[in-house]
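The values are calculated or read from the model by the stated rules, or taken from the named source; none is laboratory data. Please read these numbers as outputs of a predicted model, since none were measured by experiment. We place every Cβ from the backbone using ideal geometry, glycine too, and count neighbours over all the protein chains shown. We work out accessible area using only protein heavy atoms, side chains counted, and drop any ligands, DNA or RNA first. Shrake-Rupley method; radii C 1.70, N 1.55, O 1.52, S 1.80 Å.
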Amino acid sequence: MSDVAPSRHPGINLGQTDAPAHREAEETVFGFWIFLMSDLVLFALLFATYAAMLGATNGGPGPRDVLELRSVGAQTALLLVSSLSFGMASLAMKYGAPVRRLQLWLGLTLLLGLAFLGLSLREFAHLAAEGAVPQHSGWLSSFFALVGTHGLHVALGCFWIGVMMVQVRVFGVQRPVKLRLLRLGLFWHMLDVVWIFLFSVVYLGGLA
């Protein structure tokens with residue numbers, strides 16, 4: 001028995017169930033991880049801009065005037081549950097569960113992501129109806145840029161999930177499909193982490 005520990009990479013490891021896919025995933029997933037780090041730099045810049053513009057309301061509404069926790073609390077719950085459902089999809093893929101079960105978890109994740117986007121768009125529409133539009137002040141510009149960028153990422157993630165559901169249906173859970181699902185999982189969970197920071201800084205911090 002070898003004393004060498006098996007290699008690991010971020011995300012679900014397939015060493016126990018599909019050793020060739022696990023070996024192939026090491027380089028691929030690591031490269032995608034580096035891409036995600038660069039994406040986090042973008043969010044860091046948006047957070048820094050938001051912090052700098054927090055008091056720049058130009059005599060207009062500030063965080064306490066237009067933000068409310070009920071809707072954003074529902075958004076947070078939807079996104080966190082979607083992270084759980086995607087985790088279940090990843091486990092179904094790893095342990096060779098029936099394709100129907102994998103599709104079920106992916107479909108649930110997609111529905112939760114779309115519901116999150118619907119609530120986000122409703123919030124933006126509510127702000128616009130009250131005159132809180134991006135061009136009104138520096139704070140509103142930074143708010144819409146930060147929250148909107150995250151929403152755009154979630155929309156891209158939902159599209160990616162839809163594409164993967166089609167690929168699973170057409171090709172089955174073959175090795176290339178597994179590797180794409182691994183990368184999608186990292187992307188989706190990263191969005192949840194960013195949202196926790198966004199929820200804490202923008203909403204809880206703004207209403208404190």
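Structure above, values below:
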quantity	calculated
Cα gyration tensor shape of segment 81-137, rounded if a/c is under 1.5, else prolate or oblate by comparing a/b with b/c	prolate
In range of the label at VAL170: residues from segment 94-112 whose backbone nitrogen is under 14 Å from the point 7 Å along Cα→Cβ	none
Segment 166-208, accessible area per residue, ligands and nucleic acids excluded (1.4 Å, Å²)	45 Å²
Portion, in percent, of the accessible area of segment 93-206 that falls on carbon or sulfur, probe 1.4 Å	69 percent
ILE34 accessible area, 1.4 Å probe, all protein chains in place, Å² to nearest 10	90 Å²
Loop-located chymotrypsin sites (Phe, Trp or Tyr not before Pro) in segment 77-180, at most 14 other Cβ atoms within 10 Å (DSSP)	TYR95
Principal semi-axes in Å for segment 103-190 [√(5λ), Cα gyration tensor, largest first]	34, 13, 8
Estimated FRET transfer efficiency (GLU68, GLU26; beta-carbon r; R0 45 Å; 0.05)	0.50
